[in-house]
Amino acid sequence: MIADAQNGKLNLIITKSVSRFARNTVDSITTIRKLKAIGVGVIFEKENINTLDSSGELLLTIMSSLAQEESRSISENVTWGIRKRMSDGKYSIGYSSFLGFDKGKNGRLIVNKEQAEIVRRIFSEYLEGKSTHQIAKELTEDRIPTPTRKVDENGNLVCTWRASTIISILSNEKYKGDALLQKTFVTDYLSHKTKKNNGELTRYYIKDSHEAIIPVEEWEMVQIETARRKQPSFKHSGITVFSSKVRCGDCGAIYGQKVWHSTDKYRKTVYQCNHKFSSKQKCQTPTLKEEQIKQAFLDSLNQLDRTQVLDDCKLAVETLKNDETPEKEATKLNAEIEVVVELVKKNPHMSQEQIDLYTAKYEDLVERFKIEEHRVERKCAAIKRVEVFAMNLKNAGPVVTEFSSKLWSLLLDKAIVQHNNTIKFIYYSGVENTVII
Ligand SMILES: [Zn+2]
């Protein structure tokens, strides 16, 4: 195409957008200058720029710098069209095997009631403390068809679930309703490796675009729980979702699970500080049987002054809800970002210095916006933790007689084993107590 232009076969090139024109800013600018020198103009439809206009190149520079990340993400011809639909509030999901939703008219998502139940089951079991492997195993045992809806050689739907499928379902934003679209995009033109869009691209956030399957707070709690389970200490041997909440009072390490007499009838499971024999200074904290920890938890739970604790929860939730600083800050920054973009668009006669200034300003605002957005998400999750705590404590009845992994998972933050044979229990509402083993 460039050669054709140089040979005089073309005098105007019409292209969809700056980001479609070349792989990166330097390429675009170089090519446009070359073409301009021989009198060939380029029109960018999306940005409404004609490079032969006096304003063209300046505007192009700023547009390119803003769209640099975007330009990297383009790897298919259809992308522009998809974005266009996104900004119009219409979009389609990229794949058909999407558990919980059917594709309706114009690619809109419609909840599939039967599949939505499976999604809810996955989210709630995960929060109750099951591992992704365990959830996958049980879904397989229950002969639940996988999201791919693939059929085996006998014509039956495939029911073999993998932990990786569970992980991708647990992290999918579409289940909380509002779609944060284009959250992954192709970052490497050649290798097609995808990476998360952390705001480098304009994010098209469509509020109430489709019905939620999982309440937003529960979804946020799952993300916090996933981050907790990703901690490096979780990778040590013998650490389970249960034991990860039990900590050594001496060194802070997690209590790992050890199996004694693993082959004979005296087999039993015990827990001890994972650093007990590895560090020079041995921790003095005791080795405990699973039953001892579970009984101590029941004792601790039954010793809580329910009325007082529930009142405290109410107060905590109100205080968190009343503080709207991060929301206000995010809204303000969002408005400022829009102003900067508008200013640049409407002011084509800026000097390079001004352009650099605006670009720096834009990048700074986006960075700060991301921080506030993250604060809002964390606040929502914190509120939900306390609310879920209060609800489960209320429903647990006045005396709990049997250990429940659900209560362990949804109420307890940490259990710290101390040397004088005591365990300090710290709950999600912040309340704590110490019981003798
Ligand atoms: Zn220790």
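The values are calculated or read from the model by the stated rules, or taken from the named source; none is laboratory data. Just so you know, these numbers come straight off a predicted model, no measurement behind them. Cβ placement follows ideal geometry from the backbone for every residue including glycine, while neighbour counts extend to all protein chains displayed. With ligands, DNA and RNA removed, areas are computed over all heavy atoms of the protein, side chains included. Shrake-Rupley method; radii C 1.70, N 1.55, O 1.52, S 1.80 Å.
Of all residues in the stretch 345-369, exactly one satisfies the criterion of being crowded, with 18+ Cβ neighbours inside 10 Å and without any contact (Cβ under 8 Å) to a residue 40 or more places away in the chain, namely LEU365. Within the stretch 390-433, being open to solvent by 30 Å² or more (accessible area, probe 1.4 Å), touching a residue at least 40 places away in the same chain (Cβ under 8 Å), among the β-branched types (Val, Ile, Thr) and not in a loop (DSSP other than H, G, I, E, B) holds for one residue alone: ILE416. Looking at GLU372, GLU387 in this structure, which one is in contact (Cβ under 8 Å) with a residue 12 or more places away in the chain, open to solvent by 40 Å² or more (accessible area, probe 1.4 Å) and under 27 Å from VAL222 (Cβ atoms)? One residue alone meets the criteria, GLU387. Only one of the numbered conditions (1) open to solvent by 40 Å² or more (accessible area, probe 1.4 Å); (2) modelled with pLDDT under 80 is not met by ALA381, and that is (1). Among residues belonging to the stretch 272-293 that are surrounded by 16 or more Cβ atoms within 10 Å (Cβ to Cβ) and at pLDDT 90 or above, point out the one that is nearest to the ligand (Cβ to nearest atom). Ranking the qualifying residues of the stretch 272-293, first place goes to THR285.
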